[in-house]
Each structure stands twice: as C-alpha cells, then as structure tokens.
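All remarks here apply to the structure that follows.
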Amino acid sequence: MDVSYGCFAPGGFAKAHTHEFEQVFFVLKGELTATVKENKAVAGPATVIHILAGEEHFIKNEGKDPVEFLAINGSAEYRLR
C-alpha cells in the first residue's frame with residue numbers, strides 16, 4: 001500500500017488513466033470530482049472515492065477553492081492471504 005498527498009488548485013486535474021491496483025481518494029479539504037466511465041461523483045471533506053483496479057478514471061477540482069486529498073494505492077501483492 002502506498003499513500004500520497006495531493007492538492008489541486010481550482011481547475012486542476014489528473015488526465016484519464018488506469019492502474020493495476022485499487023485506489024481510494026480521501027478528501028481532506030475542498031471538493032474532488034471523479035469520473036469513472038459515465039459516472040461522476042463529487043466528494044467533500046472526510047469522504048472517499050473508491051476506484052477499482054483497471055477502471056479508467058479522471059479526477060478534477062471543479063470547485064472554487066483548492067482541494068487537498070490523500071491517494072491510497074493498494075496492490076494485490078500486499079494483501080493478506
């Protein structure tokens with residue numbers, strides 16, 4: 001598992017991409033918008049967005065204020081068996 005801190009100014013984004021692992025975004029401040037397929041979700045503080053392995057996703061700050069979040073990346077090789 002890997003945890004990293006992210007921050008986007010208003011309008012900031014990460015282009016559409018996929019991973020071979022699950023990913024969870026935990027929003028600390030502001031609002032983070034995630035799009036998976038045709039589904040769009042907006043998460044505020046203390047809210048999570050869960051992305052399954054292999055799902056193409058796009059994240060963006062569509063709000064007026066900066067968004068701060070943790071990206072928690074899992075990997076099958078680290079799971080308990």
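The values are calculated or read from the model by the stated rules, or taken from the named source; none is laboratory data. Only a predicted model underlies this, so the values are computations on that prediction, with no experimental measurement involved. Note that each Cβ is placed from the backbone with ideal geometry, even for glycine, and that neighbours are counted across all protein chains shown.
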Filter the range 14-56 for residues that are closer than 18 Å to Met1 by Cβ and in contact with a Gly (Cβ under 6 Å, 6 or more places away or on another chain); the one that is modelled with the highest pLDDT is Glu22
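Taking the range 1-13 as the region of interest, how many residues are surrounded by fewer than 18 Cβ atoms within 10 Å (Cβ to Cβ), part of a strand (DSSP E or B) and modelled with pLDDT of 95 or more? Quick ask: steps written out before the conclusion?
Of the residues in the range 1-13, the ones surrounded by fewer than 18 Cβ atoms within 10 Å (Cβ to Cβ) are 1-7, 9-13.
Retained after the next criterion (residues that are part of a strand (DSSP E or B)): 2-7, 13.
Still in the running and modelled with pLDDT of 95 or more: 5-7, 13.
Of the residues in the range 1-13, 4 are surrounded by fewer than 18 Cβ atoms within 10 Å (Cβ to Cβ), part of a strand (DSSP E or B) and modelled with pLDDT of 95 or more.
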For Lys60, are the conditions met, namely being basic (Lys, Arg), out of contact with any Pro (no Cβ under 7 Å at 6 or more places or on another chain) and buried (at least 17 other Cβ atoms within 10 Å of the Cβ)?
yes
If you go through the range 57-75 one residue at a time, how many are modelled with pLDDT under 95 and of a type in the set (D, E, K, R)?
0
When residues of the range 1-50 are filtered for being of a type in the set (D, E, K, R), touching a strand residue (DSSP E or B) at 6+ places or on another chain (Cβ under 7 Å) and in contact (Cβ under 8 Å) with a residue 24 or more places away in the chain, how many remain?
5
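Output the residue which, of all residues in the range 14-53 that are part of a loop (DSSP other than H, G, I, E, B) and of a type in the set (Gly, Ala, Ser), is farthest from Leu70 (Cα to Cα).
Start the filter on the range 14-53 by keeping residues that are part of a loop (DSSP other than H, G, I, E, B), which leaves 18-22, 30-31, 37-38, 44-47, 52-53.
Okay, now just the ones that are also of a type in the set (Gly, Ala, Ser), so 30, 44, 46, 53.
On the way: Gly30: 12, Gly44: 12, Ala46: 11, Ala53: 17 Å.
Looking at the filtered set, the residue picked out is Ala53.
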